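Trainee: For reference, the structure I am asking about is given below.
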Amino acid sequence: MQPSLLTFLLLLVLPGRKTANISKSVVTLHPPWFRVLINDLVTLRCEGPGASEDNSILWFHNDTIIPVQIQDYNITADNITYSGKYQCQIGQLALSDPVTLEVFQDWLLLQTLKLVYMKGEPMVLRCHSWENRVISKITFFQNGKWRKYSSRDSNFTINQVNYNDSGNYFCSANIGNRREESKIVKITVQGTNVTPHPSTSSSSKIWYYILFYLVMGILFAVDTGLYFTLKTEINSLEKNIMYLVSKWS
């Protein structure tokens, strides 16, 4: 058997190697809304596995370093230039993935935790007013149709979203004597990750054992063949030696 073929068969049955993961820093928003209004207070927190308060911290806004070295970076978004992507790096951890902050100048803003949800996830929408002014008669709309009305509750919660919950959302409310509307936010609901069918998993296990025993059988056959070949050559060598000894004696 050629060594390359044997190596190939062994690779089929040996477990795959896992690539080492480099731990990353993580940026989180507090409160968790990534869409905010002018003058909203936002805290960006830099965290990571194994990190401590003694670790050095770097902050970046749109790839430009920010001259602060604290774990909780507090900002008052007093203008839209605070919009953009934020990243941090704590200690020896890798640079975090970017977190996007969007700052708007308006009376009302529809806030959401994200724009893409997986089917079955909970979704919370918030009708937020500039400088947290008191709002009333709050209505949430999807694709121009009424979804929820409340005299005071500014949140709209769906416990488990479905495909029908995709669409364009906005809210309207009274601020004093004025009726205001937020801008539209497009929200998408996608399917959940596909779970392998049990029969597929069983089939994979069967092929694993077939390949395993096939390779073991091939190795046994190769080993046995080498044994008998070597034994034959040794016997032949012994006969030649005995012949030479008898000839010279």
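The values are calculated or read from the model by the stated rules, or taken from the named source; none is laboratory data. Please read all numbers here as calculations on a predicted model, not as lab measurements. Ideal geometry is used to build each Cβ from the backbone, glycine not excepted, and the neighbour counts take in all protein chains shown.
Trainee: Considering only residues that are of a type in the set (Lys, Arg) and surrounded by fewer than 14 Cβ atoms within 10 Å (Cβ to Cβ), look in the stretch 145-162 and name the one that is nearest to Ile135 (Cα to Cα). Full working, then the answer.
Mentor: From the stretch 145-162, those of a type in the set (Lys, Arg) are 145, 147-148, 152; that's our starting set.
Imposing the further condition that a residue be surrounded by fewer than 14 Cβ atoms within 10 Å (Cβ to Cβ) reduces the set to 145, 152.
Values: Lys145: 21, Arg152: 7 Å.
Looking at the filtered set, the residue picked out is Arg152.
Trainee: Let me ask something else. Given the condition within 24 Å of Val42 (Cα to Cα) and either part of a strand (DSSP E or B) or more than 28 Å from the chain's Cα centre (by Cα) (or both), answer yes or no: does some residue in the stretch 156-164 qualify?
Mentor: yes
Trainee: Just checking, which of Tyr149, Tyr169 is touching a residue at least 24 places away in the same chain (Cβ under 8 Å) and in a strand (DSSP E or B)? Show your work before the answer.
Mentor: On the way: Tyr149 fails: touching a residue at least 24 places away in the same chain (Cβ under 8 Å).
The match here is Tyr169.
Trainee: Right, something else. Within the stretch 70-88, does at least one residue satisfy the condition of being in contact with a helix residue (DSSP H, G or I) (Cβ under 8 Å, 6 or more places away or on another chain) and either outside the structural domain of Tyr169 (by TED's automatic domain parsing) or touching a residue at least 12 places away in the same chain (Cβ under 8 Å) (or both)? Explain how you work it out, then say what you get.
Mentor: As a first pass, look at the stretch 70-88 and keep what is in contact with a helix residue (DSSP H, G or I) (Cβ under 8 Å, 6 or more places away or on another chain): 75.
From what's left, either outside the structural domain of Tyr169 (by TED's automatic domain parsing) or touching a residue at least 12 places away in the same chain (Cβ under 8 Å) (or both): 75.
For the stretch 70-88, residues in contact with a helix residue (DSSP H, G or I) (Cβ under 8 Å, 6 or more places away or on another chain) and either outside the structural domain of Tyr169 (by TED's automatic domain parsing) or touching a residue at least 12 places away in the same chain (Cβ under 8 Å) (or both): present.
Trainee: Further question on the same structure: Restricting attention to the stretch 90-108, which residues are in a strand (DSSP E or B) and aromatic (Phe, Trp, Tyr)? Show your work before the answer.
Mentor: So the first thing to find is which residues in the stretch 90-108 are in a strand (DSSP E or B), and the list is 90, 94, 99-104, 108.
Hit for the stretch 90-108 is Phe104, nothing else.
Trainee: A further question on this structure: Among the residues in the stretch 117-125, are any in contact (Cβ under 8 Å) with a residue 24 or more places away in the chain, touching a Gly at 6+ places or on another chain (Cβ under 7 Å) and among the hydrophobic types (A, V, I, L, M, F, W, C)? Quick ask: steps written out before the conclusion?
Mentor: Start the filter on the stretch 117-125 by keeping residues that are in contact (Cβ under 8 Å) with a residue 24 or more places away in the chain, which leaves 117-125.
Among the residues that remain, those that are also touching a Gly at 6+ places or on another chain (Cβ under 7 Å) are: 119.
If we keep only those that are among the hydrophobic types (A, V, I, L, M, F, W, C) too, we end up with none.
Looking through the stretch 117-125, none of the residues is in contact (Cβ under 8 Å) with a residue 24 or more places away in the chain, touching a Gly at 6+ places or on another chain (Cβ under 7 Å) and among the hydrophobic types (A, V, I, L, M, F, W, C).
Trainee: Looking at (1) under 30 Å from Tyr117 (Cβ atoms); (2) at pLDDT below 95; (3) surrounded by 11 or more Cβ atoms within 10 Å (Cβ to Cβ), find the lone condition where His197 falls short.
Mentor: Just one mismatch for His197, condition (3).
Trainee: Let me ask something else. Only one of these is surrounded by fewer than 18 Cβ atoms within 10 Å (Cβ to Cβ), more than 20 Å from Leu37 (Cα to Cα) and aliphatic (A, V, I, L, M): Leu115, Leu95. Name it. Outline the logic, then answer.
Mentor: Numbers: Leu115 fails: more than 20 Å from Leu37 (Cα to Cα).
Result of the check over Leu115, Leu95: Leu95.
Trainee: Of the residues Thr81, Thr64, only one is touching a strand residue (DSSP E or B) at 6+ places or on another chain (Cβ under 9 Å) and either at pLDDT 95 or above or among the β-branched types (Val, Ile, Thr) (or both); which?
Mentor: Numbers: Thr64 fails: touching a strand residue (DSSP E or B) at 6+ places or on another chain (Cβ under 9 Å).
Just one listed residue meets the conditions, Thr81.
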